[in-house]
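Please treat every number below as a calculation from the coordinates, not as lab data. If you're wondering where the values come from, they're calculated on a predicted model, not measured in any experiment. So basically every Cβ, Gly included, is an ideal-geometry build from the backbone, and we count neighbours across all protein chains shown.
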Amino acid sequence: MKKQILLPIIFAFLSIGCKKETPAPTPTEPVVEETAPAVSKTECYAYDANGSKIELELQTEGTEANGTLNYALAEKDKNGGTFTGKLENNILIADYHFQSEGVESTRQVAFKLEGDKLIEGYGEMTMDGTHFRDVSQIKFTSNMPLSKVDCTE
């Protein structure tokens with residue numbers, strides 16, 4: 001009788017002890033979609049007429065934009081520097097860091113890409129004159145359009 005009771009108890013302990021542990025489910029790793037790398041390109045634009053000259057070198061990668069910008073307008077002080085900003089829907093809005101007569105300044109600039117031309121935009125500025133009050137109100141009416149040119153070293 002003891003064997004009849006003892007056997008099921010031993011069998012129960014053995015079956016519990018031999019149970020295979022199933023590993024805890026691992027969280028699924030997020031699927032990372034591979035996207036094509038943003039294409040980096042450099043384009044140059046210039047205006048040179050009526051004693052005024054503007055040169056812009058534009059480097060873009062995706063919507064990120066940066067480059068150099070130099071103004072030598074007739075009967076005005078020259079200024080030149082660098083800019084960083086965004087190029088979206090053919091509109092470049094950037095912060096232009098420049099030097100004029102030894103003084104460093106920053107102001108926002110806007111250009112609209114129309115075919116092989118860049119048209120500078122103008123609009124109401126903040127009280128300190130550094131940023132547009134409303135970029136949606138910028139008017140691209142410059143009478144000095146920059147034409148696409150070969151970039152020179």
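Please arrange 124, 75, 64, 55 by counting, for each residue, the other beta carbons lying within 10 Å of its beta carbon, fewest first. Kindly include the intermediate steps, with their values, before the conclusion.
Details: 124 10, 75 6, 64 13, 55 18.
Taking fewest neighbouring Cβ atoms as first place, the list is 75, 124, 64, 55.
Please report 144, 127 as a ranked list, fewest other C-beta atoms within 10 angstrom at the top and most at the bottom.
Lowest count first: 127, 144.
Between residue 127 and residue 97, how high is the FRET efficiency from 1/(1 + (r/R0)^6) when r is the Cβ-Cβ distance and R₀ = 25 Å? Nearest 0.05. The partial results should precede the final answer.
Numbers: r = 20 Å, r/R0 = 0.80.
Efficiency for this residue pair is about 0.80.
Between residue 72 and residue 41, what FRET efficiency follows from the Cβ-Cβ distance if R0 is 25 Å, with the result rounded to 0.05? Numbers along the way, then the final one.
Values: r = 26 Å, r/R0 = 1.03.
Efficiency, from the Cβ-Cβ distance: 0.45.
Determine, for 147, 136, the number of other Cβ atoms within 10 Å of each Cβ, and report the residues in order from fewest to most. It would help to have the intermediate numbers written out before the result.
Numbers: 147 13, 136 6.
In increasing order of surrounding Cβ atoms, one gets 136, 147.
Which value, in debye to the nearest 20, gives the size of the charge dipole of the stretch 40-149 about its Cα centre, when Lys and Arg are +1 and Asp and Glu are -1 at the Cβ?
On the way: 11 positive and 18 negative charges, 44 e Å.
Here the size comes out at about 220 debye.
Take the cross-link list 112/148; 53/117; 41/76 and give me the ones stretching past 24 Å between alpha-carbons. Write out the running numbers ahead of the final one.
Details: 112/148 13 Å; 53/117 15 Å; 41/76 32 Å.
Long pairs (Cα-Cα over 24 Å): 41/76.
Averaged over all directions, how much area does the convex hull of the C-alpha atoms of the stretch 40-149 cover when projected, in nm²?
Projected over every direction and averaged, the Cα hull of the stretch 40-149 covers 6.8 nm².
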